[in-house]
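Q: Have a look at this one before I ask anything.
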Amino acid sequence: MKPEKNEIPEAWEPKIVMFCCNWCSYAGADGAGIGRFQQPASMRIIRVMCSSRVDPVHVFSAFLEGADAVLITGCHLGDCHYINGNEKTLVKFNFMRSMLKELGLEEERLQLNWISASEGEKFSEVVRAVTEQVRQLGPSILKPEGVA
C-alpha cells in the first residue's frame with residue numbers, strides 16, 4: 001500500500017537537513033555567506049568530517065523526525081581529503097535512494113551534490129534549487145504529526 005501524499009499548506013516552508021563535509025561544502029557555505037549570496041532559510045546544516053561519515057541511520061532518522069528532505073554534500077570526486085570517502089558516499093547514496101523508493105517517498109527528497117570550498121555561489125544555487133524542488137513535492141509523508 002502506497003502512503004497518501006500530503007496536501008501543501010499555504011504557509012508551509014520545507015525543512016531540509018543538510019550534511020556538509022568539513023573540508024569542502026561547509027567551507028562553501030561560509031563562502032556563500034561571505035559572498036552574501038541569497039538563499040532560503042530552509043536548511044539545517046550538520047557538519048561532518050567527510051560525507052562518507054553520513055550513515056543511512058542518520059538520513060532516515062532525519063526523515064522520521066520531520067525533515068522534508070535530506071541533502072548530502074561533499075568534495076568533488078577525486079578531491080576527497082580522505083582519498084575516496086566521497087566515492088563511498090556515492091555507493092551509500094544509491095542504496096539510500098532505493099530504500100526511499102521502497103518507503104514510498106519521492107527520490108528527490110534525498111539529494112547528493114559535490115560543492116568545493118571555493119563554490120559559495122554554487123552552494124547557494126543548490127540550496128535554492130533543492131528548496132524549490134521540495135516545495136513542489138510538499139511535506140514529507142513521514143513527518144510526525146504536530147511537527148511543522
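Q: Taking H as built 1.01 Å from N, whose amide H comes closer than 5 Å to the amide H of Gln111, not counting residues under 5 places away?
A: Correct list: Val70, Leu71, Ile72.
Q: Given the C-alpha centroids of the range 122-148 and the range 49-113, what is the distance between them in whole angstrom?
A: Taking the Cα centre of the range 49-113 as reference, the centre of the range 122-148 is 15 Å away.
Q: Skip the ligands, DNA and RNA, and give the accessible area per residue of the range 16-137 with a 1.4 Å probe, whole Å².
A: Result: 49 Å² per residue.
Q: While we're on this one: Mind listing the long-range amide H neighbours of Met49? Cut-off is under 5 Å, sequence gap 5 or more, other chains count too, H placed in the peptide plane at 1.01 Å from N.
A: Asn22
Q: Could you work out the relative contact order of the chain? I mean the mean sequence separation of Cα pairs under 8 Å and 6+ apart, divided by the number of residues, in percent.
A: On the way: 260 pairs, mean separation 56.7, N = 148.
Normalised by residue count, the contact order of the chain is 38 percent.
Q: Still on this model: Whenever you get a sec, line up Met43, Met49 from highest to lowest accessible area (probe 1.4 Å, protein heavy atoms).
A: Met49, Met43
Q: While we're looking at this one, here's another question. Report, in debye and to the nearest 20, how large the dipole of the chain comes out about its Cα centre when Lys and Arg carry +1 and Asp and Glu carry -1 on their Cβ.
A: Roughly 260 debye for the chain.
Q: Probe radius 1.4 Å, ligands and nucleic acids left out: which of Ser52, Ser98 has the largest accessible area, and how do the rest follow?
A: Values: Ser52 25, Ser98 55 Å².
Correct descending sequence by accessible area is Ser98, Ser52.
Q: Report in % the part of the accessible area of the chain that belongs to carbon and sulfur, leaving out ligands and nucleic acids; probe 1.4 Å. Before the final figure, lay out each step's value.
A: Values: 4330 of 8170 Å².
That fraction is 53 percent.
Q: Continuing with the same structure: Give a residue-ordered list of calculated ³J(HN,Hα) values for the range 56-67 (Karplus: 6.51 cos²θ - 1.76 cosθ + 1.60, θ = phi - 60°; whole Hz; x for Gly, Pro).
A: Values per residue, Gly and Pro as x: x, 4, 4, 5, 6, 5, 4, 5, 5, 9, x, 6 Hz.
Q: Just from its helices, what would the mean residue ellipticity at 222 nm be for the chain, if runs of 4 or more DSSP H residues each count -39500 (n - 2.57) and the sum is divided by every residue, rounded to the nearest 500 deg cm²/dmol?
A: Calculated at 222 nm, the ellipticity per residue is -12000 deg cm²/dmol.
Q: How large is ³J(HN,Hα) for each residue in the range 37-54, as worked out from phi by the Karplus curve 6.51 cos²θ - 1.76 cosθ + 1.60 (θ = phi - 60°), to whole Hz, x for Gly and Pro?
A: Per residue, the Karplus-derived 3J(HN,Hα) values read 7, 5, 7, x, 8, 8, 8, 10, 8, 10, 8, 10, 5, 8, 4, 5, 7, 6 Hz.
Q: Percentage of Cα-Cα pair distances in the range 7-148 greater than 23 Å, rounded to whole percent?
A: It works out to 31 percent of all Cα pairs.
Q: Residue-wise, which Karplus ³J(HN,Hα) couplings in Hz belong to the range 81-95, taking 6.51 cos²θ - 1.76 cosθ + 1.60, θ = phi - 60°, and x for glycine or proline?
A: 6, 10, 6, 9, x, 5, 5, 5, 4, 4, 5, 4, 4, 4, 5
Q: Would you be so kind as to identify which of Tyr26, Ser116, Val91 lies farthest towards the positive end of the dipole of the range 16-137, taking Lys and Arg as +1 and Asp and Glu as -1 on Cβ and the Cα centre as origin?
A: After comparing all options, I get Tyr26.
The values are calculated or read from the model by the stated rules, or taken from the named source; none is laboratory data. All of these numbers come straight from a predicted model, not from anything done at the bench. So basically every Cβ, Gly included, is an ideal-geometry build from the backbone, and we count neighbours across all protein chains shown. To get the accessible areas, we keep the full protein, side chains included, count just its heavy atoms, and leave off ligands, DNA and RNA. Shrake-Rupley method; radii C 1.70, N 1.55, O 1.52, S 1.80 Å.
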